[in-house]
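The values are calculated or read from the model by the stated rules, or taken from the named source; none is laboratory data. Please read these numbers as outputs of a predicted model, since none were measured by experiment. Please note: Cβ atoms are built from the backbone with ideal geometry, for glycine as well, and neighbour counts cover all protein chains shown. Side chains included, ligands, DNA and RNA excluded: accessible areas come from the protein's heavy atoms. Shrake-Rupley method; radii C 1.70, N 1.55, O 1.52, S 1.80 Å.
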Amino acid sequence: MAESLLRMTGIQKAFAGVPALRDASLRIGPGEVHALVGQNGAGKSTLIKILTGVYRRDAGEVLWQGRPVDLKSPREAQGAGIATIYQELTLVPQRTVTENIVLGYEPRKPWGAIDWRAADARAREVLSRFGIELDLHRALGSYPTAIQQLVAIGRAASMEAKLLIMDEPTSSLDEKEVETLFGVIRGLKARGTSVLYVSHFLDELFQVCDAVTIMRDGRTVGETRIADTTKLDLIAAMLGRDAEEIRAAGRTEFSVGEQRAGEVFLEARHLASDRRLKDLSLEVRAGEIVGLAGLLGSGRTEAARAIFGLDRVTGGSLKVGARAARIRGPRDAVAAGMAYLSEDRKVEGIVPDLSVRENLTLALLPRLSRLGIVDEARERRVVEGFIKALGIRTADMDQPIRELSGGNQQKVLLGRWLALEPRLLILDEPTRGVDVGAKLEIQSIIAKHVEQGCAVLLISSEFEELIEGAHNIVVLQEGRSVRRLSNPGVTESRLIHAIAEQPDDALEAAQ
Amino acid sequence: MSAQNSLTGRGLGGVGEAPAPRRSRLNRRLLGLAAALLALVLLNVAMTPNFLQLQTLAVNVSQVAPVVIVALGMTLVIATGGVDLSVGAVMAVAGALAPLIFGSGWGVANPGLGLAAAFVGPLLVAAACGLFNGSLVSFLGVQPIIATLILFISGRGVALVLTNGNLQTFTNPSFTWLGTGRALGIPVMGWIALALALVVAVVVRKTIYGRYLLSVGGNERAASLAGTPVATVKIWTYLICSTLAGLAGLIVVAQNSASDAARIGNLMELDAIAAAVVGGAALSGGRAPILGTLLGALFIQLVGYTLVANGVPDEATFIVTAAIIVIAVWLQDSRRRT
């Protein structure tokens, strides 16, 4: 390899005495697409934030284009040619597409006013590279998240950076959009731009990356060409385990045993809502996991929202525990024994400033209180129990939840619902954006509760999770349930076929 | 179960120790505020003539008590992510009503009942104002600043109509005791304000309402998904805020033995917001540092007093108050970035 574009060595960083990085290093060549992998809490985000000037390092050296640098702010990093697309969208949804693309770099007329014509032209050019055409003057927020994500990526790519950092760029993209993104990445690479690619989707790395750096517990534990490694080896290195051991255990913690489901707990018949759900029929029994499969936009989340009373039901019927139920909101749903872990942890899950304890007991509060007073001693006992049972890694239960890693936040939210001892657990992408270790733990927690008779409705974009986890899979297309697959016997190809087949063929097959 | 018992022990111990990073951070701010307050007191002891007189304390307490009472409610509203501009107007309405009730023919004929009604009636009206504000915010989704602007404007108008736009003086020693009475040398209303601060602080920390309040302000959608009765929590919060404002209005009227609808509670909304912000409340919601609000109100009061007592013109105190708020906001902002 020629001289490195970036070389970080011996990086250390501690927060309030707690080391986040102990000995991290990273080396990226010019025009190289480099993957950075590791569990949540391994230090990937911290390392990136040091590189982009958000944090200052405590020790270590950063060489940028062969010269030692000390980037003190994101602005300086951008000036040096390092552009970042963060995991969370950092655009302004109320403003137009054009405004978002040129934000901070608006082309000017000689007297200082913004040259909107030039701005539109640049926006159009940026988007055309992705092969998408948008109304440039519409508010960005009116487009789906996936489109917004592509706009964010386009914006960063348009800044003529030498290094482009992508933190989980595909987490809200569907397959086709991912392909588009990969095309853009290859284009960038061809023009000599390096890309640092952070993703939990290991399969993607093999499609688009040249090399990979693996982190664990604040250290860089490996660096290799992508061609010289396998997915299993990567997982093993991230977890610090032996590859053979993992191979023996299977890739998810789910295993479909005998079908010994109990009574039907939830029964939907031709359910429709005011939000894209047109015709959903399914039943979930106690002790059974029912998967909801479908493409992005097929109405999986909308199905969950309608069942939980978040969207207005406009047609069909819903029975809970063999009785017709009118669920008008989350309170009704909770009272009926349901729990709903939303897919958007940040927006619909955590209350960032409250502690782990306060977040975990939020739904349980009425049962922890007498005459309006919270029984804090009992609360602490409950939380203590869940921290142990779910393996939540936190300094103590009074730590603000925002300081936890994504996987641990997710466990707290899972605990919030499990504490209610629900009879039906609706899980919307419970392991998305969560590292491999936490993912296995979360799956095994779910499996345990199912064994104890809890019914689960599982929404997942990961075929493995559905195939290995669900007893039955209901396939959705365009807001309708079109097919029901039963395990054992579901294979990836059968599932993909069911998801992708033409709705007309499927009508007869619908239950 | 022995395991459970040991957990209990630990749990109870934890209540007292509470080594929470969040709390310690907030405590640091409170300590800073308390230290600033103490420094100001010491400065006054050295500089201001007759500062260590009971009379000085009484004057300050009677000036700050209504602000504290209003600011307590304001802190709760701010914790939901809202703001209540109508508190001054609600003070005026409540204050204008009281003399009308005990001074009416019926009130004069039944002094005991009249006095009770003069307390309860205006507070109920104030509560109704809060119910109105809260309903607009919760059910119609009106932004708090607009929703409370309605009563901000119309409330004072109602008060002026009630009093025909005149200054209404009265003589009713039982009622004026609320504003002028003393216990242990300190104005009664000072004790009332202190007691209310304690009650509200306990409510925030120990009750389910307090927890809901912080979660609604911290992330409304998450709270709602977890089954929190968001609308109810908000309505109660506006209701509490207005009722406290009503009480403050009664106190001010009692203090002056006169109700002046045009002036009661004038600019009180800003004083209350200032106290809350200096005390560490975040306008984005999710935090309700009641003790901070109390200290914030005291601090602003004492700064004003210090300046006036040392011959600085009244008008200049506004500028200093503004500077304090700027510093408080800056502290909050820098804290968030680190």
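Inside segment A:371-394, can you point out the residues that are within 8 Å of chain B (Cβ to nearest Cβ) and within 15 Å of A:K411 (Cβ to Cβ)?
A:E384, A:G385
For segment A:335-370, how many residues are more than 7 Å from every other protein chain (Cβ to nearest Cβ), more than 17 Å from B:T207 (Cβ to Cβ) and open to solvent by 10 Å² or more (accessible area, probe 1.4 Å)?
Number of matching residues: 7.
Applying the selection to segment B:84-127, what residues are open to solvent by 20 Å² or more (accessible area, probe 1.4 Å) and β-branched (V, I, T)?
B:I101, B:V108, B:V120, B:V125
With the requirement that a residue be away from chain A (no Cβ under 14 Å) and not hydrophobic (A, V, I, L, M, F, W, C), what does segment B:187-208 give you?
B:P187, B:G190
Taking segment A:395-412 as the region of interest, how many residues are within 9 Å of chain B (Cβ to nearest Cβ) and among the aliphatic types (A, V, I, L, M)? Write out each step before concluding.
Within segment A:395-412, the subset within 9 Å of chain B (Cβ to nearest Cβ) is A:395-400, A:403.
The next check asks that each one be among the aliphatic types (A, V, I, L, M); those that pass are A:395, A:397.
The total comes to 2.
Return yes when A:G299 is more than 12 Å from chain B (Cβ to nearest Cβ) and in contact (Cβ under 8 Å) with a residue 40 or more places away in the chain and no when it is not.
Details: more than 12 Å from chain B (Cβ to nearest Cβ): yes; in contact (Cβ under 8 Å) with a residue 40 or more places away in the chain: yes.
For A:G299, the condition - more than 12 Å from chain B (Cβ to nearest Cβ) and in contact (Cβ under 8 Å) with a residue 40 or more places away in the chain - is met.
Tally the residues that are more than 7 Å from chain A (Cβ to nearest Cβ) and either outside any helix (DSSP H, G or I) or open to solvent by 30 Å² or more (accessible area, probe 1.4 Å) (or both), restricting the search to segment B:209-227.
Pass one, segment B:209-227, residues more than 7 Å from chain A (Cβ to nearest Cβ): B:210, B:212-213, B:216-217, B:220.
Checking which are either outside any helix (DSSP H, G or I) or open to solvent by 30 Å² or more (accessible area, probe 1.4 Å) (or both) leaves us with B:220.
Of the residues in that region, 1 qualify.
Among the residues of segment B:271-316, which ones are polar (S, T, N, Q), under 20 Å from B:A46 (Cα atoms) and in a helix (DSSP H, G or I)?
Here is the first cut: in segment B:271-316, the residues polar (S, T, N, Q) are B:284, B:293, B:301, B:306, B:310.
Still in the running and under 20 Å from B:A46 (Cα atoms): B:301, B:306, B:310.
Selection gives B:Q301, B:T306.
With the condition kept exactly as written, say whether any residue in segment A:404-415 is over 27 Å from A:A303 (Cα atoms) and part of a loop (DSSP other than H, G, I, E, B). Working first, answer last.
At the first step, the residues of segment A:404-415 found to be over 27 Å from A:A303 (Cα atoms) are A:404-405.
Then drop every residue that is not part of a loop (DSSP other than H, G, I, E, B), which leaves A:404-405.
Yes, because at least one residue in segment A:404-415 is over 27 Å from A:A303 (Cα atoms) and part of a loop (DSSP other than H, G, I, E, B).
What number of residues within segment A:110-127 are surrounded by fewer than 15 Cβ atoms within 10 Å (Cβ to Cβ) and either in contact with a strand residue (DSSP E or B) (Cβ under 6 Å, 6 or more places away or on another chain) or over 18 Å from A:M159 (Cβ atoms) (or both)?
5
Output yes when any residue across segment B:229-247 is outside any helix (DSSP H, G or I) and open to solvent by 20 Å² or more (accessible area, probe 1.4 Å), and no when none is. I'd like the intermediate steps shown before the answer.
Of segment B:229-247, the ones outside any helix (DSSP H, G or I) are B:229.
Filter once more, so that each one left must be open to solvent by 20 Å² or more (accessible area, probe 1.4 Å): B:229.
The answer is yes, given that some residue of segment B:229-247 is outside any helix (DSSP H, G or I) and open to solvent by 20 Å² or more (accessible area, probe 1.4 Å).
Which one is nearest to A:H449 (Cα to Cα) among residues in segment A:464-502 that are part of a helix (DSSP H, G or I) and of a type in the set (A, V, I, L, M)?
Going residue by residue through segment A:464-502, those that are part of a helix (DSSP H, G or I) are A:464-469, A:492-500.
Next, from what is left, pick out any that are of a type in the set (A, V, I, L, M): A:466-467, A:495-496, A:498-500.
Details: A:L466: 17, A:I467: 18, A:L495: 25, A:I496: 28, A:A498: 29, A:I499: 28, A:A500: 32 Å.
Applying the filter and picking the extreme gives A:L466.
Check off (1) within 23 Å of A:S461 (Cα to Cα); (2) open to solvent by 10 Å² or more (accessible area, probe 1.4 Å); (3) touching a residue at least 60 places away in the same chain (Cβ under 8 Å) for A:V284 and give me the number that stays unchecked.
(2)
State yes or no: is A:T224 farther than 24 Å from A:T84 by Cβ, in a strand (DSSP E or B) and either open to solvent by 10 Å² or more (accessible area, probe 1.4 Å) or among the aliphatic types (A, V, I, L, M) (or both)?
On the way: farther than 24 Å from A:T84 by Cβ: yes; in a strand (DSSP E or B): yes; either open to solvent by 10 Å² or more (accessible area, probe 1.4 Å) or among the aliphatic types (A, V, I, L, M) (or both): yes.
For A:T224, the condition - farther than 24 Å from A:T84 by Cβ, in a strand (DSSP E or B) and either open to solvent by 10 Å² or more (accessible area, probe 1.4 Å) or among the aliphatic types (A, V, I, L, M) (or both) - is met.
Restricting to segment A:156-210, and then to whatever is more than 23 Å from the chain's Cα centre (by Cα) and open to solvent by less than 10 Å² (accessible area, probe 1.4 Å), can you tell me which residue is nearest to A:G294 (Cα to Cα)?
Of all residues in segment A:156-210, those more than 23 Å from the chain's Cα centre (by Cα) come to A:158-163, A:186-194, A:210.
After this cut, where a residue has to be open to solvent by less than 10 Å² (accessible area, probe 1.4 Å) as well, the list is A:163, A:188, A:194.
On the way: A:L163: 35, A:L188: 31, A:S194: 34 Å.
The extreme case among them is A:L188.
Take A:T98 and tell me if it is buried (at least 18 other Cβ atoms within 10 Å of the Cβ) and not in a helix (DSSP H, G or I). Give the derivation first.
Details: buried (at least 18 other Cβ atoms within 10 Å of the Cβ): yes; not in a helix (DSSP H, G or I): no.
So A:T98 fails the test.
Would you check which residues across segment B:155-204 are in a loop (DSSP other than H, G, I, E, B), open to solvent by less than 70 Å² (accessible area, probe 1.4 Å) and in contact (Cβ under 8 Å) with a residue 60 or more places away in the chain and list them?
Residues of segment B:155-204 in a loop (DSSP other than H, G, I, E, B): B:163-167, B:170-172, B:181, B:184-185.
The next check asks that each one be open to solvent by less than 70 Å² (accessible area, probe 1.4 Å); those that pass are B:163, B:165, B:170, B:172, B:181, B:185.
Matches in segment B:155-204: B:T163, B:G165, B:F170, B:N172, B:G185.
Identify, by number, the condition in (1) of a type in the set (F, W, Y); (2) open to solvent by 30 Å² or more (accessible area, probe 1.4 Å); (3) in contact with a Ser or Thr (Cβ under 6 Å, 6 or more places away or on another chain) that A:F130 doesn't meet.
The one condition A:F130 does not meet is (2).
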